[in-house]
1. Of the candidates SER171, SER221, SER125, which one comes out as most mobile in a Gaussian network treatment of the chain with C-alpha springs shorter than 10 Å?
2. Ignoring everything but the protein chains, give the 1.4 Å probe accessible area of TRP115 in square angstrom, nearest 10.
3. Taking only protein heavy atoms into account and a 1.4 Å probe, give the accessible area per residue of the chain in Å².
4. How large is the convex hull of the Cα atoms of region 18-122 per residue, expressed in Å³ as a whole number?
5. Under 26 Å between C-alpha atoms is the cut-off here; go through the chain and count lysine pairs that meet it, provided they're at least eight residues apart or on different chains.
6. How would you order 256-263, 116-123 from highest to lowest mean count of nearby Cβ atoms within 10 Å?
7. Would you calculate the separation in nanometres between label points at LEU334 and VAL169, each defined as 7 Å from the Cα along the Cα-to-beta-carbon direction?
8. What is the spin-label model distance, in nm, from ALA271 to ARG17 if the labels are put 7 Å beyond Cα along the C-beta direction?
Amino acid sequence: MTANVSATAQPAPGRLRAIAPGALICATVALAARFLADHYGGPVMLYALLFGTAFNFLIDDPRCRPGIEFTARTVLRVGVALLGVRISVGQVTALGAAPFAIVACAIAATIGFGWLLARTLKLRSQQGLLSGSAVAICGASAALAVAAVMPTHAKHEEDTIVTVVGVTVLSTIAMVLYPIVVQALGLGDTAAGVFFGATIHDVAQVVGAGYLISDHAGEVSTVVKLTRVALLVPTVLLFVLHYRRRHGSGGAVALPGFLLAFVVLVVLNSAFGLPRSLVDAANDASRWCLVAAIAALGIKTSFKQLADVGVRPIALMVGETVFLAAFVLGAMALTGVAAAR
C-alpha cells in the first residue's frame, strides 16, 4: 500500500501505521510547548503554534502528513468534546439570571460585531464570524470548534491560525490589564469575577485574573467562563444550520459527533456528579489534545503565510475584544451586577 493512499481508507493496523509518525511529531511539539510553559510561563497554545511552524517542511513529507492531518482534525475534536466534563447544569443555574443573560447577549453581539467589522475592513465574512466566536466564547478552543464546521476554502486554515494566535495573545494581555481596569472602576469581587469570566478569552487566563483579585472573584469568574464554554454547543449548531441552508442542504440538522459527546459529558456530570479524579483526567486529556492539534495546525502553516496576513485581521480581533469588554461593562451597569460586592 502506497504512502499516498488516504489513511482513513486503510484497515485499522495500516491506518495506525500511517498516522503514527505525524501524530508522534505533533505530540513531541506539544510536550516541548508544555515544558516551556510550565517552567518559564507564558501561553502553551502560542508556544505549540510557533514550535509547529518551525516544522512546516514536514507537511510535505508523505510519511508525516497523514498523522498531522489526523491530529489537526480528529484529535482536535476529541479535545473539544472532553471540555464538556468541566461543566454541569448546576453551575450554570447557580450563576443567576442576570449574569447568564449578559453572557448570552455578549456572545451574540460580539459575533455579529465581528461579522460587521470584517465587512468594514474588507475581510471575509467567515473570518469575522470565526474570530468573533473565538473572542466571544472561549478563545482557541472555540476557534477550533467553529472552524471544524465551517466550509473549507483556500484561506480556511490561515484564518484559523491567525485567529488562534490573536486570541491567545489578547487573552494574555487581558489577564494583565483587566484586573487594573476593575480596580480603577471600583468593582467588587463578585462584579470583577463576572467581568473576567464574560470577557477574557481562555479559561486559564480567566482563572489567573480572578484569583489575582481574590478567591471569591476566582470562583465567580470560573463559573461564568464555564457558562460561556457551555454556550459553544448552541453557537456551533447555529453555524451548522446557517451553512446547510446557505449551501442548499435540506433535512434535519445533525449534531456533529464531537458536540454530541460534549453534551453527553455535560449531562453525565450534571446527573451523576463525575468523580473528581475522572474530571481532572479528562480535563488534562482535553488540554493535551488541543495543544497537539494546535501544534499540527502550526506545522501546516508557514511563517510566510503568517507574515502575509497584514494588520487588518489583528485590528479585527482587537476591535472585537474591546467591543466585548465595553458591552459587558455596559450590561453589568444596566442590570446592577456592577454594584455587586
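1. Looking only at SER171, SER221, SER125, the biggest GNM fluctuation is shown by SER125.
2. Rounded to the nearest 10, that gives 100 Å².
3. Numbers: 14950 Å² over 341 residues.
Result: 44 Å² per residue.
4. Numbers: hull volume 18.2 nm³, N = 105.
Looking at region 18-122, the number lands at 174 Å³ per residue.
5. Working: LYS122/LYS155; LYS122/LYS300; LYS122/LYS304; LYS155/LYS300; LYS155/LYS304.
Pairs that pass both the separation and distance tests number 5.
6. Values: 256-263: 18.5, 116-123: 15.9.
Going by the mean number of other Cβ atoms within 10 Å, highest first, we get 256-263, 116-123.
7. 3.3
8. 4.2
The values are calculated or read from the model by the stated rules, or taken from the named source; none is laboratory data. All figures in this text were calculated on a predicted structure; none of them were measured in a lab. Positions of Cβ are backbone-derived with ideal geometry, glycine not excepted, and every protein chain shown enters the neighbour counts. These accessible areas exclude ligands, DNA and RNA; they are computed on the full protein's heavy atoms, side chains included. Shrake-Rupley method; radii C 1.70, N 1.55, O 1.52, S 1.80 Å.
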